[in-house]
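**Student:** The structure's right below; bear with me while I get my questions together.
Please treat every number below as a calculation from the coordinates, not as lab data. Since this is a predicted model, take the numbers as computed values, not measurements. Cβ: placed from backbone, ideal geometry, glycine included. Neighbour counts: every protein chain shown.
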Amino acid sequence: MSVVGPGGRIGILGGGQLGRMLAVAAAELGLRVHIYCPDKEAPAAEVAAGFTRAEYEDEAALTRFAESVDVVTYEFENVPAETARILSDHGIVRPGPLALATAQDRHVEKSFLKAQGIATAPFADVASEADLMVAVESIGVPSVLKTRRFGYDGKGQAKIVSPGDAAAAYAEIGRAPAILEGFVNFEREISVVVARGENGETAAYDPVENIHKNHILDRTLAPACLPKAIADEACAIAARIAKELDYVGVMGVEMFLLPEQGNKRRLVVNEIAPRVHNSGHWTMDACTVSQFEQHVRAICGWPLGNPKRHSDAVMTNLIGDEVESWKTLAAEPDTVIHLYGKADARPGRKMGHATRLYPLGKRPPVTPS
């Protein structure tokens, strides 16, 4: 097992807030971070020991980058396949290519889950408008058309309420390769952040409930109010996915909890995110070891930390000009704010987050706004 000890160098592909928080966590363990990103104003570069500004297709720059660090990781899953290949040819990349290839393509991802016997929404591959018409007839409406690749926070998606909406929906996503998913009548959205080490050791944080607004995560409630059996099942599903992908690092697994039927509730996996996850930001303040430190530990071959929480928490994203409330939040007792150093507070842009902490078992009820 390869171990990167204190003084070692971690390369991070991507320069956004996730890379920034990974860099801070690595520094606290005596590790140095080198950011690779084409954006000259990458927030992660501000807190890193090194920064390469280059395109993801620049083979020479990628080669120098990979050879200058001990291990490479990434803060976003849409790493070009050729970029991943070049990096793998010149160094250690964690998580590995299987996780990337699976999570980058929604049809591949859903097919992988289905092959593992893990429940998902009904889905069908859509390569043409004719395929879409057949899929709508098979799956029914309402349903949602999603591009197979790219798309996040609701992007690359179009809702189909009636069969007559299909052609317009296909045009809306640019007639790109897609999948059609049936709507899931869920009770709540939950997620599990799980870590897996190179030796197969796993550690899962408590499942949390996620509340979205305008297709963007608004708040995460830690822990989710779930029966222990359901919480244990959610963690087991996430750990199984990580194992089957031979995963090393932290990943987020988003799930739907379906309403109780016959004294049973059922979990349906919605999406895999092969990286640290927005719904795990609460761990920075409510756990001894955050998801960011946990990811660094995993990719560097260290023992995983204890994911147990010492507090309940509500994490709230600060989107766009919501970041202007920082001074009010800073005055609130038991509230921790994290700002990402972004200059332009555009609508829909994640500018920071705030975490309100509560004693275990004392978090007040929270309802969608």
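**Student:** Would you mind working out the magnitude of the charge dipole of the chain relative to its Cα centre, with +1 at each Lys and Arg C-beta and -1 at each Asp and Glu C-beta, to the nearest 20 Debye? Write down the numbers at each step before the final one.
**Tutor:** Values: 39 positive and 47 negative charges, 135 e Å.
Roughly 640 debye for the chain.
**Student:** Separate question: Any chance you could check the Cα centroid distance between region 58-120 and region 195-270 for me, in angstrom?
**Tutor:** When both Cα centres are located, 22 Å separates them.
**Student:** With all pairs of different alpha carbon atoms counted, what Kirkwood hydrodynamic radius in Å does region 122-182 show? Could you put the intermediate results ahead of the total?
**Tutor:** Working: mean 1/r = 0.0919 Å⁻¹.
Hydrodynamic radius (Kirkwood, Cα only) of region 122-182 equals 10.9 Å.
**Student:** Of the residues Asn278, Asn306, Asn263, which exhibits the maximal mean-square fluctuation in a Gaussian network model of the chain defined by a 10 Å Cα contact cut-off?
**Tutor:** With Cα springs under 10 Å in the chain, the top fluctuation among Asn278, Asn306, Asn263 is at Asn263.
**Student:** Return the equivalent ellipsoid semi-axes of region 173-224 as a descending list in whole Å, where each equals the square root of 5 times an eigenvalue of the C-alpha gyration tensor.
**Tutor:** Taking √(5λ) for each Cα gyration eigenvalue gives 27, 19, 11 Å.
**Student:** Something else now. Please identify the helices of the chain, taking whole runs of DSSP H, that span at least 18 Å along their own axis as judged from the Cα atoms and have a mean Kyte-Doolittle score of -1.0 or higher.
**Tutor:** Values: long enough: 228-244 (24 Å, 0.34).
Span-like helices, by this rule, are 228-244.
**Student:** Moving on. At most 14 other C-beta atoms within 10 Å and a DSSP loop state: those are the exposed GluC sites (Glu not before Pro) I care about. Give me the longest piece of the chain that has none. Present the calculation step by step, with values, prior to reporting the outcome.
**Tutor:** Numbers: sites that count: Glu41, Glu55, Glu57, Glu187, Glu201, Glu260.
Result, exposed sites excluded: 58-186.
**Student:** How high is the FRET efficiency between Ala27 and Val268 when r is their beta carbon distance and R₀ equals 51 Å, given to the nearest 0.05? If you can, show how the numbers build up before the last one.
**Tutor:** On the way: r = 39 Å, r/R0 = 0.76.
FRET efficiency, Ala27 to Val268: 0.85.
**Student:** Still on this structure, I have one more. Under the rule of -39500 (n - 2.57) per DSSP H run of 4 or more residues, summed and divided by the residues of the chain, what mean residue ellipticity at 222 nm is obtained, to the nearest 500 deg cm²/dmol?
**Tutor:** Only helices count here, giving -8000 deg cm²/dmol.
**Student:** Comparing Gln291, Gln157, Gln17, which has the greatest mean-square fluctuation in the GNM of the chain with Cα pairs linked when under 10 Å apart?
**Tutor:** Residue with maximal mean-square fluctuation among Gln291, Gln157, Gln17: Gln157.
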